[in-house]
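The values are calculated or read from the model by the stated rules, or taken from the named source; none is laboratory data. In this text, all values refer to a predicted model and were calculated from it rather than measured experimentally. We place every Cβ from the backbone using ideal geometry, glycine too, and count neighbours over all the protein chains shown.
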Amino acid sequence: MKSRNLLYFIIILGTYADNVYAKEPKVDNDLQAQSMLSVLYTQSSAEYEANNLQTYASAKLALDKALSNKKWTAALEQKDNYQTKPPAVILDIDETVLNNIPFQARAIIKGESYPKGWLEWMLEESATAVAGVADFLEYASQKGVKIFYVTNRIAVAEDATRNNIRKLGLPLDEDEDVLLMKNENGWTSDKVSRRELISNNYRVLLLIGDQLGDFISLEEATVSVNERQDLAKKYQDMWGTKWFMITNPIYGRWEASIYDNKYPDTEAELMQMRIKALKP
């Protein structure tokens, strides 16, 4: 009898353990969990914080050089006779100005993935500022430089994005539309036309972003892994002088390039292509 009771107890305990641990996030072969270390890196590492502070400190130094050199421009879209135009800088928003990593953390915990929850996150207006950006923007504003935000956030989130920027005390011109959203005025994900618009009236001193598309055309940036790396070398004279890249290990077209810029239909295929892309 005692042996039978012990057996029942073991079975019940095992069933309870299965039910408890089944509710916890899986880390083995789970695509959401694979991004966990990247999210933890951005939220927990001093190195990530230091890199952003370093990038914006370097951008401040470059800004002074750009202001003193009337021939200086950072925009490939800049046309002739720009030397006398007023100065401006162009920044991306997500992971460049606004830190949305809590959204990524929330998605992992909930077992969700982009775009689910993304619009709701933007409407919360609770993103924090990327380290170093506030000091840089204040410095640029004091120097009389116009600050433009060129983002692929959709236009329906424009008011919320404005509010989020204001809450953080970051400069946002009220006399001119300096927040240029995707789907506004027919703009697509390619930021070339928006940079052209700004370049028509301003001398663009610096570009700051976290994706290649924040600096070059989307068409040029949407190529293979090796070709993207070649692009980094092609524009090596721009990095750290006129162009400043914020590290983003969580998402971007760098990942799409692993899948030949076409996301697989199944998680199994996605996993296989990720493993295949590794270079031991």
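Numbers at a glance
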quantity	calculated
Among the residues listed as Ile101, Ile108, Ile90, the single one being surrounded by 17 or more Cβ atoms within 10 Å (Cβ to Cβ) and over 16 Å from the mean Cα position of the chain (by Cα)	Ile108
Out of Arg228, Arg274, sole residue that is part of a helix (DSSP H, G or I), closer than 21 Å to Lys191 by Cα and among the basic types (Lys, Arg)	Arg228
Unmet criterion (only one of (1) surrounded by 13 or more Cβ atoms within 10 Å (Cβ to Cβ); (2) within 26 Å of Ser45 (Cα to Cα); (3) touching a helix residue (DSSP H, G or I) at 6+ places or on another chain (Cβ under 6 Å)) for Gly252	(3)
Those helices (runs of 4 or more DSSP H) lying entirely in segment 1-93 with at least 3 residues closer than 28 Å to Tyr114 by Cα and modelled with pLDDT of 95 or more	36-44, 46-68
Residues of segment 231-271 satisfying the condition of being over 30 Å from Leu53 (Cα atoms) and assigned to a helix (DSSP H, G or I)	Glu267, Ala268, Glu269, Leu270, Met271
Within segment 42-58, considering residues that are out of contact with any Asp or Glu (no Cβ under 9 Å at 6 or more places or on another chain) and under 12 Å from Phe136 (Cβ atoms), the one surrounded by the fewest Cβ atoms within 10 Å (Cβ to Cβ)	Gln54
Contacts under 7 angstrom Cβ, first residue in segment 121-132 being touching a residue at least 24 places away in the same chain (Cβ under 8 Å), partner basic (Lys, Arg) and surrounded by 21 or more Cβ atoms within 10 Å (Cβ to Cβ), 6 or more apart	Met122/Arg153
Close pairs (7 angstrom Cβ cut-off, 6 or more residues apart or separate chains): at negative phi and of a type in the set (Lys, Arg) in segment 97-118, loosely packed, with under 14 Cβ neighbours inside 10 Å and part of a helix (DSSP H, G or I) anywhere	none
Ile108 vs. criteria outside any helix (DSSP H, G or I) and β-branched (Val, Ile, Thr)	no
Test: Ser189 is closer than 17 Å to Pro87 by Cα, hydroxyl-bearing (Ser, Thr, Tyr) and touching a strand residue (DSSP E or B) at 6+ places or on another chain (Cβ under 8 Å)	no
Residue in segment 191-212 that is of a type in the set (Asp, Glu) and either more than 20 Å from the chain's Cα centre (by Cα) or over 30 Å from Leu119 (Cβ atoms) (or both) present	yes
Condition met for Asn201 (closer than 23 Å to Ser35 by Cα and assigned to a loop (DSSP other than H, G, I, E, B))	no
Among the candidates Glu196, Glu219, residue that is in a helix (DSSP H, G or I) and either within 22 Å of Tyr263 (Cα to Cα) or touching a Ser or Thr at 6+ places or on another chain (Cβ under 8 Å) (or both)	Glu219
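Here's the yes/no breakdown for (1) among the acidic types (Asp, Glu); (2) part of a helix (DSSP H, G or I); (3) under 16 Å from the mean Cα position of the chain (by Cα):
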residue: Glu120; (1), (2), (3): yes, yes, no
residue: Ala140; (1), (2), (3): no, yes, no
residue: Gly144; (1), (2), (3): no, no, no
residue: Tyr149; (1), (2), (3): no, no, yes
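Here is a yes/no grid of residues against (1) surrounded by 13 or more Cβ atoms within 10 Å (Cβ to Cβ); (2) not aliphatic (A, V, I, L, M):
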residue	(1), (2)
Lys191	yes, yes
Leu197	yes, no
Glu220	yes, yes
Val223	yes, no
Lys234	no, yes
Lys242	yes, yes
